[in-house]
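For reference, the structure discussed in these notes is given below.
Derivation of every value follows stated rules applied to the coordinates shown; laboratory data play no part. Everything numeric here is computed off the predicted structure, so don't read it as measured data. Heads up, the Cβs are rebuilt from the backbone with ideal geometry, glycines too, and the neighbour counts pull from every protein chain shown.
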Amino acid sequence: MCDCIEQIQNKIKNNFSKRHPESNTKEAKLQNLYFDTEDHWVVKPYMPLKVEYESKTKKGTIQNKHEIVNMQVRYCPFCGKSYKEKGECK
Ligand SMILES: [Zn+2]
C-alpha cells in the first residue's frame, strides 16, 4: 500500500514549521479521510459531492433542495495507483 497520505501530511507539517518557526506545529491532517472497513481498515480519501435539484411539494410549488453524497476513490489521488482489495497499491 502506498503511504502518500502520511507523506503529504508530513511534508505539509514540515513546510508549515519552516514558514512559521515561531509556532510549535503539532500536526497537519488531511480532511475527508475514512477507514474503509471492507478493505482492512485502510485510510482512504473521499470527496463530498453536492447535488442540487428542484422538488415539487404537495401543493405544487417548486423547492430547491440539495444532498451531499460522499464519493469514494478507487485510485490514490496523489500517486494514481489503484487501491487493491487488500489495501495495497498495484
Ligand atoms: Zn499513493
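Legend: ranking of residues Lys56, Lys44, Lys84 from fewest to most surrounding C-beta atoms inside 10 Å; resulting order Lys56, Lys84, Lys44. Close amide H partners of Lys81, meaning residues 5 or more places away or on another chain with modelled amide H under 5 Å apart, are Cys76. The phi torsions of the stretch 15-30, fed into the Karplus equation with coefficients 6.51, -1.76 and 1.60 and a -60° offset, translate into couplings of 4, 5, 4, 5, 6, 10, x, 6, 9, 9, 6, 7, 6, 10, 10, 5 Hz, rounded to whole numbers, with Gly and Pro shown as x. Scanning the chain for chymotrypsin sites (Phe, Trp or Tyr not before Pro) lying in DSSP loops with no more than 15 further Cβ atoms inside 10 Å, the longest uninterrupted stretch between such sites is 1-40.
Shape index of the stretch 4-72: Rg/Rh, with Rg the Cα radius of gyration and Rh the Kirkwood radius from the inverse mean 1/r over Cα pairs, equals 1.27. Annotation: the residues Cys2, Cys79, sorted from fewest to most other C-beta atoms within 10 Å of their own C-beta, follow the order Cys79, Cys2. For Val42, the residues 5 or more places off, or on other chains, whose built amide H falls under 5 Å of its own are Asp36.
Enumerate the residues in the stretch 23-57 having an amide nitrogen under 14 Å from the point lying 7 Å beyond the Cα of Asn64 toward its Cβ. The answer is 51-55. The value of relative contact order for the chain, using C-alpha pairs under 8 Å at least six residues apart, is 24 percent. Sites listed here are GluC sites (Glu not before Pro) in the stretch 9-90 whose DSSP assignment is loop and whose Cβ has at most 14 other Cβ atoms within 10 Å: Glu22, Glu27, Glu38, Glu85, Glu88.
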